[in-house]
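**Q** Here it is, the structure, as structure tokens.
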Amino acid sequence: RTAARSDPQPLDDSMVCVRDATEHNLRGVDVDIPRDRLVAFTGVSGSGKSSLAFGTIFSASQQRYLESISPYARRLIDQGPAPRVGEISGLPPAVALRQTYGGASSRSTVGTVSRVSNVLRMLYSRAGTYPAGRGPEELAGTFPRDAAPLDSDAFSPNTAVGACPTCHGLGRLHVVDESTLVGDEDLSIRDGAVAAWPHGWARGNYRDILAALGIDVDVPFRELPQATRDWLLLTEEHPTVKVHPDRGEDYDGWYMGTYTSPRSWVLHAFGTTKSAAMRAKAAAFLSDEPCPTCQGRRLNPEALAVTIAGENIATANALPLSQLAAFLESARTHPHTQALPTARRQAAEALIGGLLSQLGNLVDLGLGYLAVGRTTATLSGGELQRLHLATQMRSGLFGVLYVLDEPSAGLHPADTATLLTALERLRAAGNSVFVVEHNPQVIEAADWIVDLGPGAGRYGGEVLYNGPAHDITTAKDSVTARYLAAHTPEAPHPAVARTARGWLDLRGVAGHNLQGVDARFPLGVLTAVTGVSGSGKSTLVERALADTVRTHLRVDPAADEEEDASDLGRGATGPTEPDDEGAWAPDEDLVTVAEASGLEQIDRLVSVDQKPIGRTPRSNLATYTGLFDSVRKLYAAQPEAKRRRYTASRFSFNVAAGRCPACLGDGVVSIEMLFLPTETAACPVCEGGRYNPDTLAVTVKDKTIADVLAMTVEEAEEFFADLPAAARILTLLKDIGLGYLTLGQSATTLSGGEAQRIKLVSELHRAPRGHTLYLLDEPTSGLHPADVDRLVAQLQKLVDAGNTVVVVEHDLRTIAAADHLIDLGPGAGHEGGRIIATGTPEDVAETDTPTARYLSPYLTGA
Ligand code: ADP
Ligand code: ADP
Ligand code: ZN
Ligand code: ZN
């Protein structure tokens, strides 16, 4: 808790009162939760925290808002079905901030989402220093007094007035690579010297036109005069001539043909074709270069000539947020700013003040290392959520209920402390802040706890504790209480201390904020890569390590001679140098490794992330793990199936013969209602069973295949005890804490943590041969400490079986259970990117890195 917190108001009747909530697994939950407080929803994964906080409370608030707008407008909003709840009272308007992965196609940036870019543009237009003769004062006749000659659009590469005229604001140009246009200079044009022409008739046409123009199409290309070669390859002219096609002696037809040079053809095809194949062919002759006019800065020269404190807007945009704040601080007192006419100087001060307060929010939320121009597609779910949170804080709303999904995900304990300050500020401004959380640091700082459980899925869904945070230790059945107590149980440790069986060395790792780092990964042990967020952990593990191993495994010269075995060599040059004005380097995303050794000790790479395991409701736990294959074979082997000649495929709900014809195997149908949102309901024909009656006539121990999909993992484990292939997977699923999931639950409704553990199980049961390197990015996020223990136990098993596991982690109990740590930092962005400590957790705890400070209490004997 921060010392400065204001005293909460006494608890009067300002409560959110929920009655009879039955969404998903909730068992008629009744709770009264105080408003204007920081409330933590806790419980093991799958216990029903999200179902209550998001599925019920947020959803109901959303529903009320929608009821207040016109039915027409309502249809335009993507809304879910009404939550299953008896009654809710005392509900403020709510804003949900969930973790989502940025869409790859998204064009938004850190600056656009946080609105920093807008204000920065305004600042440049109102308060910039213009080149002599172009400033507002000189142009006073043409513009109203004190108005800027360029409006803020002129500083946006996404507008016609602001964009660089050469590259249209893209910063890069597709240029034809002349050396690729001719395939073989020893061939004549007739024999196919020009590689970059379309095939078929068009190719003959161009050849005949060149012949008609008097060019010799039968000598080797290299023997043509240089001027002729240049002209025919590159000209932008389109001469039209009478062509006598070359079709033998007695043909005397003719037509008018128009010439297009290979260069023009490639540019035209690339720019206009709708065919992906054609575009790909054209792209092979193009290379991508920084735009020569704007050097990748995307803006037109007039906009780039305007400066504040001597720097143009492109330079400001390339700065990390914390450095932008420092720059604006100095701009305030810079002589240029001081010399502005009074009205413009005042505007500058107001805009800079606003920007600094917004940047302060972003820095406080641990995002100071992000560059303004960074695209949101490259951010993690947690970073994106905190970016939205900062934007909300700026809005200055009060009386709002904010519902957040594990806001501490991806945060080092040091960052979590600043997050808590920000949440407290939001609450102190008069808002309610509800967080679904597992992190003890956040739970202990909350005013109030709603603890769900006792188990997951059908074994959960009850409120075990609802009260002030400090009294949770009195809750009897609560697993959460156990982990909050002063001495939390340790995560599973290796039975005996393990030592490296070899080393994988990466030297000269460069990219993002890493500048020539040498990293050594021990083999045959569990390694945790630690450090504050933005220190470079993902860059080192997911990019440098993963890409290097992947390249090595793919480049098997015997198996794949086409692959360029020197691929790694491109790392030797390091990242592209920023241009001389220090603006952003065009290849900001390149990560390279100068030299690697020890790779030959690894046979396989498995990287397990939290991305969804399927985007269609047709994918589920049973299909994804391969478990369903053995189940279908079992059904096809039954005497009744044999009599009916049903094969295993009959038992797939994706196959026409076996599935319900009404819902095509979905089990649900959607109901379109005029003026109302589309609802889904169980299929009236199969009642959600997905199959047709003939398929369901085949049973195993009286259960149909539809019954199997409705079983939980635990029930199925017992049912399939005699089917080893299925039982093995089911046991693993149960051991990792997923015993409560039903086999048929669609992949789209699984949480990130559930999806990640299912992926891990699919790996585990595949009895890996040889030496596998497993990479996991914060595998504990979304997991209750009790679930973390089950996960860590599985990771330890993988290591005991001779494999290497590397996790990027913040969870201190998991870090303490690792054999080896690689600690990055000390700060984020430019203040990080170095390895500041390595060794056993005990070794690292002796140092004075940010990780060490938090880790010590979690070590045995500490
Ligand atoms: P928590 O947030 O505590 O991890 P959830 O509220 O997400 O738990 O889930 C509670 C239970 O409801 C789990 O068994 C989960 O699998 C199930 N569940 C969650 N979302 C859906 C859904 N869209 N459809 C069906 N079941 C769901
Ligand atoms: P961590 O995993 O420790 O949170 P990252 O490796 O994600 O840190 O980031 C390290 C630095 O690299 C940060 O300054 C971050 O902004 C930058 N960075 C990460 N990904 C990209 C990217 N795709 N493009 C540009 N910069 C990036
Ligand atoms: Zn340009
Ligand atoms: Zn049906």
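Any read-out appearing in this document is the output of simple, stated calculations on the displayed coordinates, not a laboratory observation. Just so it is clear, the structure is predicted and the values come from calculations on it, not from any experiment. Note: ideal-geometry Cβ built from the backbone for every residue, glycine included; neighbour counts use all protein chains shown.
**Q** Can you give me the long-range amide H partners of Tyr691? Hydrogens built in the peptide plane at 1.01 Å from N, cutoff under 5 Å, separation of 5 or more residues or another chain.
**A** Close amide H contacts, sequence-distant or interchain: Cys660.
**Q** A follow-up question, please. How many lysine pairs in the chain, separated by 8 or more positions in sequence or lying on different chains, have Cα atoms less than 19 Å apart?
**A** Number of lysine pairs found: 11.
**Q** Give a residue-ordered list of calculated ³J(HN,Hα) values for the stretch 313-318 (Karplus: 6.51 cos²θ - 1.76 cosθ + 1.60, θ = phi - 60°; whole Hz; x for Gly, Pro).
**A** Residue by residue, the stretch 313-318 yields 5, 5, 5, 4, 5, 7 Hz.
**Q** Only helices at least 30 Å long along their own axis, judged from Cα atoms, and with Kyte-Doolittle mean hydropathy of -1.0 or greater: name those in the chain from DSSP H. Write down the numbers at each step before the final one.
**A** Details: long enough: 342-364 (33 Å, 0.25).
Span-like helices here: 342-364.
**Q** With unit charges on the beta carbons (Lys and Arg positive, Asp and Glu negative) and the dipole taken about the Cα centre of the stretch 616-746, which residue among Thr731, Val631, Val668 sits farthest to the positive side?
**A** So the residue furthest toward the plus end is Val631.
**Q** Roughly speaking, what % of Cα-Cα pairs in the stretch 9-59 are separated by over 11 Å, rounded to a whole number? Working shown, then result.
**A** On the way: 901 of 1275 pairs.
Value for the stretch 9-59 (Cα pairs over 11 Å): 71 percent.
**Q** Can you give the convex hull volume per residue for the Cα atoms of the stretch 175-290, as a whole number of Å³?
**A** On the way: hull volume 13.5 nm³, N = 116.
Given the Cα convex hull of the stretch 175-290, per-residue volume reads 116 Å³.
**Q** Next up: Evaluate the Kirkwood expression for the hydrodynamic radius of the stretch 682-823, namely the inverse of the mean inverse distance over all pairs of different C-alpha atoms, and round to one decimal in Å. Kindly include the intermediate steps, with their values, before the conclusion.
**A** Details: mean 1/r = 0.0586 Å⁻¹.
Radius from the Kirkwood sum: 17.1 Å.
**Q** Using DSSP to call loops (not H, G, I, E or B), can you name the GluC sites (Glu not before Pro) in the stretch 222-325 whose Cβ has at most 16 other Cβ atoms within 10 angstrom? The partial results should precede the final answer.
**A** Numbers: sites: Glu223, Glu236, Glu237, Glu249, Glu302, Glu311; in loops: Glu236, Glu237, Glu249.
In loop regions of the stretch 222-325 (DSSP not H, G, I, E or B), the sparsely surrounded GluC sites (Glu not before Pro) are Glu236, Glu237, Glu249.
**Q** How about the stretch 699-769: which trypsin sites (Lys or Arg not before Pro) there are in a DSSP loop, with at most 15 other Cβ atoms within 10 Å of their Cβ?
**A** Working: sites: Lys701, Lys703, Arg728, Lys734, Arg757, Lys759, Arg766, Arg769; in loops: Lys701, Arg766, Arg769.
Loop-located and lightly packed - Lys701, Arg766, Arg769.
**Q** Need the full-extension length gain, Glu640 to Ser68, defined as separation in residues times 0.36 nm minus the C-alpha distance. One decimal, nm. Could the numbers behind the result be given before it?
**A** Working: separation 572, 0.36 × 572 = 205.92 nm, distance 5.70 nm.
Residue separation times 0.36 nm, minus the Cα-Cα distance, leaves 200.2 nm.
**Q** Taking Cα atoms of the chain, Rg/Rh with Kirkwood Rh, to two decimals? Present the calculation step by step, with values, prior to reporting the outcome.
**A** Details: Rg = 32.0 Å, Rh = 31.5 Å.
Ratio value, two decimals: 1.02.
**Q** What Cys residues in the chain have no fellow cysteine's beta-carbon under 4.7 angstrom?
**A** Cys17
**Q** Restricting to the chain, compute how many DSSP beta bridges are antiparallel as a %, nearest 5. Provide the component values of the computation, followed by the final result.
**A** Details: 58 of 93 bridges.
The antiparallel proportion sits near 60 percent.
**Q** Amide H neighbours of Ser607 under 5 Å, at least 5 residues apart or on other chains, H built in the peptide plane: list them.
**A** Answer set, sorted by chain and number: Leu775.
**Q** Can you compute 3J(HN,Hα) from phi for each residue in the stretch 686-691, using the Karplus curve 6.51 cos²θ - 1.76 cosθ + 1.60 with θ = phi - 60°, rounded to whole Hz and x for Gly and Pro?
**A** Rounded to whole hertz, the list is 9, 6, x, x, 6, 10.
**Q** Here's another thing I want to ask about it. From the square roots a ≥ b ≥ c of the eigenvalues of the alpha-carbon gyration tensor of the stretch 461-548, which class results: rounded (a/c under 1.5), prolate (a/b over b/c), or oblate? All intermediate terms of the calculation are to be shown ahead of the outcome.
**A** Details: a/c = 3.88, a/b = 2.09, b/c = 1.85.
Here the stretch 461-548 falls in the prolate category.
**Q** Now for a different question. To the nearest 0.05, what FRET efficiency results for Asp800 and Ala377 with a Förster distance of 56 Å applied to their C-beta separation?
**A** Working: r = 38 Å, r/R0 = 0.68.
Efficiency at R0 = 56 Å is approximately 0.90.
**Q** Quick check on packing: order 361-370, 319-328 by the mean number of other C-beta atoms within 10 Å, highest mean leading. Intermediate results must be reported in sequence, preceding the final value.
**A** Numbers: 361-370: 23.7, 319-328: 20.3.
So the peptides 361-370, 319-328, ranked by packing, come out 361-370, 319-328.
**Q** Once phi is turned into ³J(HN,Hα) by the Karplus curve 6.51 cos²θ - 1.76 cosθ + 1.60 with θ = phi - 60°, what whole-Hz value does each residue of the stretch 710-720 show in order, with x for glycine and proline?
**A** 8, 6, 7, 4, 4, 5, 5, 4, 5, 5, 9
**Q** With labels modelled as points extended 7 Å from the Cα through the Cβ direction, what inter-label distance (nm, one decimal) is found for Asn654 paired with Ala305?
**A** Inter-label distance under the simple model: 6.1 nm.
**Q** Would you mind getting me the FRET efficiency between Thr838 and Thr418? Use the beta-carbon distance for r and R0 = 35 Å, nearest 0.05. List each step's numbers first, then the result.
**A** Details: r = 26 Å, r/R0 = 0.75.
My answer for the efficiency is 0.85.
**Q** Percent relative contact order of the stretch 175-290, based on C-alpha pairs within less than 8 angstrom and at least six residues apart? The partial results should precede the final answer.
**A** Details: 158 pairs, mean separation 35.2, N = 116.
For the stretch 175-290, the relative contact order is 30 percent.
**Q** Ordered by packing density, taken as the mean number of other Cβ atoms within 10 Å over each peptide's residues, highest first, how do 836-849, 285-298 rank? Walk me through the numbers before you get to the answer.
**A** On the way: 836-849: 17.6, 285-298: 19.1.
Per-residue Cβ counts within 10 Å, averaged per peptide and sorted highest first, yield 285-298, 836-849.
**Q** I'd like the distance between the alpha-carbon centres of the stretch 170-217 and the stretch 730-794, rounded to an integer number of Å.
**A** Between the Cα centres of the stretch 170-217 and the stretch 730-794 lies a distance of 55 Å.
**Q** Only Cα pairs under 8 Å and at least 6 apart count here; give the relative contact order of the stretch 616-746 as a rounded whole percent.
**A** Numbers: 186 pairs, mean separation 33.9, N = 131.
Reported relative contact order: 26 percent.
**Q** Still on this structure, I have one more. Compute for the stretch 616-746: radius of gyration divided by Kirkwood radius, i.e. Rg/Rh, restricted to C-alpha atoms, rounded to two decimals.
**A** The Rg/Rh ratio comes out at 1.01.
**Q** For the chain, what is the relative contact order in percent, using Cα pairs closer than 8 Å and at least 6 residues apart in sequence? Intermediate values should be presented prior to the final figure.
**A** On the way: 1642 pairs, mean separation 127.5, N = 862.
Contact order relative to length: 15 percent.
**Q** To continue, here is another question. For a quick check: with amide H placed at 1.01 Å from N, whose amide H comes under 5 Å from Lys703's, ignoring anything fewer than 5 positions away on the same chain?
**A** Those qualifying (amide H under 5 Å, at least 5 residues apart or on another chain) number zero.
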